[in-house]
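As structure tokens, the structure follows; a few thoughts come after it.
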Amino acid sequence: MEEVLERYIPERAIHPCLELIKSHEIHLKIVNERVTRHGDYRRLPGGGHMITVNAMTNKYRFLITLIHECAHLVAFETFGRRIKPHGKEWKLTFQQMMLPFLRPEVFPNQLLPLLARHFKNPKASSSTDSALSIALREFDTATRDTQYVFELPEGSTFRLYNGRIFRKGPKKIKRYQCVEVATGKLYLFQPQAEVEWLARP
């Protein structure tokens, strides 16, 4: 497992992550990148724990995702399985579990202030934090073919991973109102939704 983690997380995070995986008897599975999620946690029928994380090239995003999913396990074991998946108990657990990693030996200095701000009230996905998302993207080593919706000029057309094509419209409070080209139906998109930019307005 140590050799596997060496490929995916910062060097100074390997030992504490190994201890976490061993102490909670986690079966960690690294899978092909999924568009809809970075990772997930589920309890296995026999009582074991399965965590899957996308095989991403960004070691900092991988680490955040791994601890995010471990926090689900620990929160459920601490507070019971009837808590909300991303409720106050999970937020508290995630904050506490990330704290030992929020130091310059693990994360680059330019990420630390953004992470400190994010973890005052962690969200269900770090992707909904625009400043953190943009900063993390600088450490993606794989070539990206996507942009965030908020980066596109209004009137641009873009394609989702499932092939559906939309035209970007105005911002409505926190999300962008976009029209599906094929149907004319309106949909609201989070600013940090990753899409393939097809054409300018």
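The values are calculated or read from the model by the stated rules, or taken from the named source; none is laboratory data. Fair warning: this is a prediction, and the values are worked out from it, not measured in the lab. Note: ideal-geometry Cβ built from the backbone for every residue, glycine included; neighbour counts use all protein chains shown.
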| said: I'm trying to understand the selection: among the residues of the stretch 32-58, which are buried (at least 20 other Cβ atoms within 10 Å of the Cβ) and of a type in the set (D, E, K, R)? | reply: none
| remark: With criteria (1) in contact (Cβ under 8 Å) with a residue 24 or more places away in the chain; (2) buried (at least 16 other Cβ atoms within 10 Å of the Cβ), Glu89 comes up short on (1)
| message | Quick test of your reading of the structure: Arg82 fulfils all but one of (1) of a type in the set (D, E, K, R); (2) out of contact with any strand residue (DSSP E or B) (no Cβ under 9 Å at 6 or more places or on another chain); (3) within 23 Å of Leu111 (Cβ to Cβ). Name the failing condition by number. | response | (3)
| message | Filter the stretch 172-191 down to the residues that are more than 20 Å from the chain's Cα centre (by Cα), modelled with pLDDT under 95 and either not assigned by TED's automatic domain parsing to the domain that holds Gly155 or not in a strand (DSSP E or B) (or both) and list them by number. | response | Ile173
| request: Take the stretch 98-130 and flag every residue that is touching a helix residue (DSSP H, G or I) at 6+ places or on another chain (Cβ under 6 Å), among the charged types (D, E, K, R) and within 20 Å of Val53 (Cβ to Cβ). | output: Asp129
| said: If Val106 satisfies all but one of (1) among the hydrophobic types (A, V, I, L, M, F, W, C); (2) surrounded by fewer than 18 Cβ atoms within 10 Å (Cβ to Cβ); (3) not in a helix (DSSP H, G or I), what's the number of the condition it fails? | reply: (2)
| message | Just to verify a result, which residue in the stretch 192-201, among those that are among the hydrophobic types (A, V, I, L, M, F, W, C) and part of a strand (DSSP E or B), is nearest to Lys123 (Cα to Cα)? | response | Val195
| task | Have a look at Arg42, Arg12 and point out the one that is in the same structural domain as Phe62 (by TED's automatic domain parsing) and either of a type in the set (Ser, Thr, Tyr) or at pLDDT below 95 (or both). | result | Arg42
| Only one of (1) assigned to a strand (DSSP E or B); (2) under 15 Å from Ser126 (Cβ atoms) fails for Lys29. Which number is that? | (2)
| said: Just the residues that are of a type in the set (Ser, Thr, Tyr) and in a helix (DSSP H, G or I), please, taken from the stretch 114-130. | reply: Ser126, Ser127, Thr128, Ser130
| request: Check the stretch 176-198 and report whether any residue there is farther than 27 Å from Leu114 by Cα, surrounded by 15 or more Cβ atoms within 10 Å (Cβ to Cβ) and among the charged types (D, E, K, R). | output: no
| Across the stretch 1-31, which residue is surrounded by the fewest Cβ atoms within 10 Å (Cβ to Cβ) among those that are basic (Lys, Arg) and closer than 22 Å to Phe107 by Cα? | Arg7
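Would you check which residues across the stretch 131-140 are in contact with a helix residue (DSSP H, G or I) (Cβ under 7 Å, 6 or more places away or on another chain) and part of a helix (DSSP H, G or I) and list them? Show your work before the answer.
Here is the first cut: in the stretch 131-140, the ones in contact with a helix residue (DSSP H, G or I) (Cβ under 7 Å, 6 or more places away or on another chain) are 131-133, 135-136, 139.
Of everything in the stretch 131-140, those that are in contact with a helix residue (DSSP H, G or I) (Cβ under 7 Å, 6 or more places away or on another chain) and part of a helix (DSSP H, G or I) turn out to be Ala131, Leu132, Ser133, Ala135, Leu136.
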| query | Looking at (1) part of a helix (DSSP H, G or I); (2) surrounded by fewer than 19 Cβ atoms within 10 Å (Cβ to Cβ); (3) touching a helix residue (DSSP H, G or I) at 6+ places or on another chain (Cβ under 8 Å), which is the one condition that is false for Glu77? | reply | (3)
